[in-house]
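The values are calculated or read from the model by the stated rules, or taken from the named source; none is laboratory data. Treat the numbers as computed from the prediction; the structure is a model and nothing was measured. With ideal geometry, Cβ positions are generated from the backbone for all residues, glycine too; neighbour counts draw on all protein chains shown.
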């Protein structure tokens, strides 16, 4: 009967119905066997009972079903489970992954999600089943719609068919859409949880970094009350200049980090800083002939003299005009030109552009006049206090500079007392109020002597040879031993500055000195911070936190939208179903099959029973006219 329609209200028999042959009564193929009378079972209050008047009294379960109590309870449970998921995930958001003994966070969330989804789908199934009867109260509908609604109450394919059948114009389509979306309920819940590695404090780890507030190290005695530069600082300076290791080990203070990832609070420590200024405008140029002061008075060769003068001291370079023969590079320490307030003698360099680090011979061609561009630079190194935040990441040391303090004073008189720096910082920059940073008198004197004698020299160039000599006119020393030692060391430095490369300082101009002095300042800083001393006040090893990697949880809350939407559609479907059922004044049959028995009775012109009588009815599936019929 594909075109059959059905209405729950029994119509009056039509003329056509009167001519339709009545279905054959279903046969009794075998007589029912005689059974012994059984004992009456105890009365179950949940079942319907018959009153003396013959009416059926509704059971407790049917009363609950008629009021949609189970569906309402299911929605409350579903919402509670969703809230539980949100609360649990919010607790562990951006927190380490919990280490529960028997279950994981994903497992707990999956269980809660499955139960929540099951409660919503139960409500949707019952709601769609009830809307089936509402659909047939509106008007006479095709009987095939019974199967369409019944399929929709059982799965997503049936729901898709119902949406298509109703063209999404009926309230039942909303519930069907919720069932379809419920297919992604669990995946969306699982996608809420994401994992990422994060560093946390390792209580058993070690993190220490060197820092210092007093530098008092000295080398062997040089004279009465004077000392050589401390061997550790001297070695570090040599490393900074002559070591080609690109990792710059001479710039990294001593530290310990057991995990390879460590952090420290702000630290204030005594350090050194380099400052340089281009002073090319201070150069003086003069041309000499062989008869009036040439470097070689026995010839008439023209020469050029390039001079820096400060007070009574000069730093001079000179070359033959039509070549670069002479002493084109001069390094020394004369009186300050720019840095008058420095406590360590400044260093000056004169050099032509393009000559440092490049080929020396062949600079002139066929006796043509050389057009040299000269530069001069002055560099100074001075003590400072620096506020830093050290850190070690993947075994590599870093420092974030927070602030720098440069103002310092001598306690009593210059060159004879300790040099003090007193920053006005607080704990936010790693300093206790009133703390001072000091360089001892003897240590400061040894640094001065080293700078004056080591950073001085000339490059001498002839057509036949190249030599590097100490500039005795600018160097000072205490005794012949200092002068003899500095000659060889400063010659090595001039060789390095003119024909070799310093790490990260591949420059061919006077600016090469700026880069070199920055390296020297870093090397001196390491020596100051790493100074070994028996006095605890002198050396402070600042402790930090060793970090270890731990898996953390990040909750991407946007994935909760679909589960919340499915729950909301379930609630709307339930409320709408209850409202439409009350409006149509029909029983809450939902997914029950008993009301279909009335269709069989109507086909036999039998009077349908009341709804209260349905639970006591009996039916049988039998063949009639080549069709299977269910009838009571």
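Against the numbered list (1) over 30 Å from residue 436 (Cα atoms); (2) modelled with pLDDT of 95 or more, residue 360 comes up short only at (2).
Can you tell me which of 562, 568, 574 is surrounded by fewer than 14 Cβ atoms within 10 Å (Cβ to Cβ) and at pLDDT 85 or above? Only one candidate qualifies: 568. Residues that are surrounded by fewer than 14 Cβ atoms within 10 Å (Cβ to Cβ) and not in a strand (DSSP E or B) do occur in region 397-407, at least one of them. Is it the case that some residue within region 140-148 is in contact with a helix residue (DSSP H, G or I) (Cβ under 7 Å, 6 or more places away or on another chain) and at pLDDT 70 or above? No; the residues of region 140-148 include none that is in contact with a helix residue (DSSP H, G or I) (Cβ under 7 Å, 6 or more places away or on another chain) and at pLDDT 70 or above. What do you reckon, is residue 298 out of contact with any helix residue (DSSP H, G or I) (no Cβ under 6 Å at 6 or more places or on another chain), farther than 16 Å from residue 513 by Cα, in a loop (DSSP other than H, G, I, E, B) and at pLDDT 80 or above? No, not satisfied.
Residue 198 fulfils the conditions (1) closer than 30 Å to residue 544 by Cα; (2) surrounded by 15 or more Cβ atoms within 10 Å (Cβ to Cβ); (3) touching a helix residue (DSSP H, G or I) at 6+ places or on another chain (Cβ under 9 Å) except for a single criterion, (3).
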